[in-house]
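**Q** Dumping the structure here so I can ask a few things about it.
Each value in this text was obtained by applying a stated rule to the coordinates, not by laboratory testing. Just so it is clear, the model here is predicted, and its values are computed rather than measured. So basically every Cβ, Gly included, is an ideal-geometry build from the backbone, and we count neighbours across all protein chains shown.
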Amino acid sequence: NQGNLAYSVGVTLDRFIKLKQSDFPFASGELSQILRDIALASKIVNRETNRAGLSNIGGAFGQTNVQGEEQQKLDVIANIRFMRALSKGGEVCAIVSEEEDCVIDLQNNSGKYVVAIDPLDGSSNIDVNISIGTIFSIYRRKTPVGSPITTEDVMQPGNQQVAAGYVLYGSSTMLVYTTGFGVNGFTYEASLGEFFLSHPSIKAPETGKIYSINEGLELEWEAGVKSFVKDCKEKKYQSRYIGSLVADFHRNLLKGGIYLYPATFNNPSGKLRLLYEANALAFIIEQAGGKASDGENRILDIQPESLHQRTPLLIGSKHMVEEAEELFRISE
Ligand code: AHG
Ligand code: MN
Ligand code: MN
Ligand code: MN
């Protein structure tokens with residue numbers, strides 16, 4: 001029918017990137033190449049994710065990562081796939097990955113870009129067939145092209161991102177990204193091997209009725225978190241939390257809502273990582289009109305001190321984040 005016809009001749013990711021290439025001051029196609037490399041790796045990871053149960057790549061890999069987490073086989077596979085795609089593309093000089101203890105120097109000093117990546121987000125959900133994702137941030141290197149990379153290249157605040165996005169391996173597989181000119185979502189059509197523009201110019205509802213938080217940690221919450229969640233319950237908001245940040249974020253982005261992973265007594269910096277989880281989603285949510293903070297500071301303004309540093313994260317509809325920040329402030 002007409003609907004399908006329009007869909008099937010829709011704008012592919014490749015065509016969209018070309019169309020939008022003129023948006024960049026340095027419209028040289030390098031950034032486009034990185035986005036294509038990421039899209040390619042995500043198609044491969046998508047296929048492996050979909051077949052995990054059949055090809056014995058589910059379950060634990062048998063090693064612990066720098067986070068102290070037991071790596072899943074798909075964590076390791078996704079990490080290799082994205083690193084390989086990014087190094088083959090030739091535009092990237094350094095990669096920060098959740099699954100790598102230190103910066104991966106691609107020995108490609110002519111590369112102008114640095115990528116921070118969470119190759120597989122929501123690993124605890126892999127074996128139970130719940131949506132998982134990939135999260136990425138792209139920066140321009142700070143030091144001169146041709147010189148060796150330094151920490152200055154990789155420890156950039158989120159406000160320096162030139163692009164950010166995520167892949168959601170869910171009931172359908174989507175790629176959502178921004179280059180600072182709005183947020184666009186693409187849905188993967190596996191039979192054609194293409195991402196098609198399905199969610200142009202995504203805008204975050206200014207408020208919503210969904211809150212996402214791990215209630216299992218309630219006894220460790222500070223007063224402000226307790227009063228915000230109590231407020232949500234009094235307003236009869238819906239609690240939705242599936243333990244995959246990308247999936248929880250995406251639902252709240254489209255429907256309106258707030259995701260909180262706050263500081264707790266045991267983890268005063270919360271759990272989520274600044275460089276390859278919070279920063280990318282913060283760039284996206286702000287481009288969609290929403291907000292992201294650590295409870296008092298704008299996520300994108302936080303100057304990183306270490307690669308895998310954690311940050312409390314409140315992210316989603318602008319008014320909901322502001323309400324939470326206000327309650328945090330008066331409950332101190
Ligand atoms: P990752 O799988 O990349 O380590 O990230 C897991 C994160 C995030 O995806 C999710 O929202 C959160 O951890 C869940 O944490 P809890 O299980 O502590 O709620
Ligand atoms: Mn992990
Ligand atoms: Mn993650
Ligand atoms: Mn991960």
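**Q** I'd like the antiparallel share, as a percent to the nearest 5, of DSSP beta bridges with both residues in the chain. Each step should come with its number before you reach the end.
**A** On the way: 46 of 55 bridges.
Rounded to the nearest five, the antiparallel share is 85 percent.
**Q** Another question, then. Return the loop-located GluC sites (Glu not before Pro) in the range 195-284 (DSSP other than H, G, I, E, B) with at most 15 other Cβ atoms within 10 Å of their own Cβ; answer none if there are none. Let's see the in-between values first.
**A** Details: sites: E206, E215, E218, E220, E222, E234, E277; in loops: E206, E222.
Here the sparse-neighbourhood loop sites are E206.
**Q** Quick one: pull the percentage of alpha-carbon pairs in the range 185-332 with a separation above 19 Å. Walk me through the numbers on the way to the answer.
**A** On the way: 5596 of 10878 pairs.
Percent of Cα pairs beyond 19 Å in the range 185-332: 51.
**Q** Follow-up question, since we're still on this one. Viscosity 0.890 mPa s, temperature 25 °C: Stokes-Einstein D of the range 99-207 from its Kirkwood Cα radius, in µm² per second?
**A** Numbers: Rh = 16.0 Å.
Reported coefficient: 153 µm²/s.
**Q** What ranking do V246, V96, V145 get, fewest neighbouring Cβ atoms within 10 angstrom at the top? Working shown, then result.
**A** On the way: V246 27, V96 24, V145 11.
Fewest-to-most Cβ neighbours within 10 Å comes out as V145, V96, V246.
**Q** Per residue, what volume in Å³ does the Cα convex hull of the range 214-286 take up?
**A** Values: hull volume 7.3 nm³, N = 73.
Considering the Cα atoms of the range 214-286, their hull volume per residue is 101 Å³.
**Q** In the chain, which longest range has no trypsin sites (Lys or Arg not before Pro) that are both DSSP loop (not H, G, I, E or B) and surrounded by at most 10 other Cβ atoms within 10 Å?
**A** Free of exposed loop sites, the longest segment is 1-234.
**Q** Return one quarter of the surface area of the convex hull spanned by the alpha-carbon atoms of the range 32-148, equal to its mean projected area, in nm².
**A** Details: hull surface 28.2 nm².
If you wrap the Cα atoms of the range 32-148 in a convex hull and average its projections, you get 7.1 nm².
**Q** Along its principal axes, what span do the Cα atoms of the range 51-91 show, with the longest given first and each in whole Å?
**A** Principal extents (Cα only, largest first): 33, 28, 9 Å.
**Q** Convex hull over the Cα atoms of the range 159-206, averaged projected area in nm²? Intermediate results must be reported in sequence, preceding the final value.
**A** Working: hull surface 17.0 nm².
Result: 4.2 nm².
**Q** Further, regarding this structure: Please tell me the relative contact order of the chain in percent, rounded to the nearest whole number, where contacts are Cα pairs under 8 Å and at least six residues apart. Kindly include the intermediate steps, with their values, before the conclusion.
**A** Values: 704 pairs, mean separation 51.0, N = 332.
Relative contact order comes out at 15 percent.
**Q** What do the square roots of 5 times the Cα gyration tensor eigenvalues come to for the range 122-180, in whole Å, largest first, as semi-axes of the equivalent ellipsoid?
**A** Details: eigenvalues 193, 36, 15 Å².
That gives 31, 13, 9 Å for the three semi-axes.
**Q** If you bin the C-alpha pair distances of the range 26-71 every 10 Å from 0, what whole percents do you get?
**A** 23, 27, 32, 14, 4
**Q** Hey, fewest Cβ within 10 Å first, where do F181, F228 land in order? List each step's numbers first, then the result.
**A** On the way: F181 11, F228 24.
Result, fewest neighbours first: F181, F228.
**Q** Which one, G170, G216, G224, has the greatest fluctuation when you compute a Gaussian network model over the chain with C-alpha springs under 10 angstrom?
**A** Highest fluctuation of the listed residues: G216.
**Q** Quick check on the exposure proxy: order T187, T311 from fewest to most C-beta atoms within 10 angstrom.
**A** Details: T187 19, T311 25.
Exposure proxy ranking, most exposed first: T187, T311.
**Q** Hey, another quick one. What does the convex hull of the Cα atoms of the chain come to per residue, in Å³, rounded to a whole number? Before the final figure, lay out the partial values.
**A** Numbers: hull volume 45.5 nm³, N = 332.
Dividing the Cα hull volume of the chain by its residues yields 137 Å³.
**Q** Right, next: How long are the semi-axes of the equivalent ellipsoid of the range 179-232, defined as square roots of 5 times the Cα gyration tensor eigenvalues? Whole Å, largest first. Could you put the intermediate results ahead of the total?
**A** Numbers: eigenvalues 268, 49, 19 Å².
Its equivalent ellipsoid spans semi-axes of 37, 16, 10 Å.
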